1. How far apart, in nm, are the 7 Å Cα→Cβ label points at Asp19 and Ala51?
2. Of all DSSP beta bridges in the stretch 71-174, what percent run antiparallel (nearest 5)?
3. When the accessible area of the chain is split by element with a 1.4 Å probe, what percent falls to carbon and sulfur?
4. Over the Cα atoms of the chain, compute the convex hull volume and normalise it per residue, giving Å³.
5. How big is the charge dipole of the stretch 1-72 about its Cα centre, in debye rounded to the nearest 20, if each Lys and Arg gets +1 on its Cβ and each Asp and Glu gets -1 on its Cβ?
6. Just the Cα atoms of the stretch 77-125, one point each, no solvent: what log10 I(q)/I(0) does Debye give at q = 0.14, 0.18, 0.28 Å⁻¹?
7. Per residue, how much accessible area does the chain have with a 1.4 Å probe, in Å²?
8. Rounded to the nearest 5, what % of the DSSP beta bridges within the chain are antiparallel ones?
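The values are calculated or read from the model by the stated rules, or taken from the named source; none is laboratory data. Model, not experiment: these values are computed from the prediction. Note that each Cβ is placed from the backbone with ideal geometry, even for glycine, and that neighbours are counted across all protein chains shown. These area figures cover heavy atoms from the full protein model, side chains too; ligands, DNA and RNA do not enter into them. Shrake-Rupley method; radii C 1.70, N 1.55, O 1.52, S 1.80 Å.
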Amino acid sequence: MTRTRGSAADIRVFEADLDLPEHGQAIVDLLDQYARDPMGGGTPLAERTRADLVGELRRRDTAHVILALVDGKPAGLTNCFEGFSTFACKPLLNIHDVVVAAPFRGCGISTLMFEQAEALARRLGCCKMTLEVLEGNVRAQEAYRARGFSGYELDPTMGRAMFWEKKLPDASAE
């Protein structure tokens with residue numbers, strides 16, 4: 001679905017076609033911009049990631065990529081992955097990356113991408129949408145709260161859920 005917001009700029013938000021080279025390049029470039037930002041770790045994407053990302057996304061039918069273009073220029077990216085809620089016995093949509101390129105921040109791009117992600121989640125029959133956010137990324141937290149997201153808890157006496165990770169060694173390097 002394409003969304004256009006009328007103003008001086010033509011803003012289009014849609015699900016990317018991973019078979020189109022221009023969409024693939026936009027995905028890699030926008031994700032690299034995010035990776036270089038302090039909120040994305042502050043380092044560029046590895047060359048292997050730049051080379052293989054779109055092909056790896058294409059192999060996963062549970063991956064959904066939302067792109068935003070402003071006047072035809074890549075402006076925003078949201079990578080989403082389907083998961084499954086065992087308690088609800090329904091799919092969920094995890095928003096894994098949200099990127100708005102610096103020149104386009106404050107133009108409503110993230111709002112349009114979240115609307116597109118929610119429409120996708122509803123179309124897939126999802127019971128909820130999830131995302132992770134850094135504690136120090138207060139601006140993103142405010143934006144997510146404004147869109148109805150909140151910290152996850154089953155029982156307030158047990159506290160909110162925490163997002164943890166365990167990195168595994170790269171099997172291809174062994």
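1. 2.5
2. So the antiparallel bridges in the stretch 71-174 amount to around 75 percent.
3. Result for the chain: 53 percent of the exposed heavy-atom area is carbon or sulfur.
4. 145
5. 180
6. -0.40, -0.60, -1.04
7. Per residue, the chain has 63 Å² of solvent-accessible surface.
8. Bridges in the chain are about 90 percent antiparallel.
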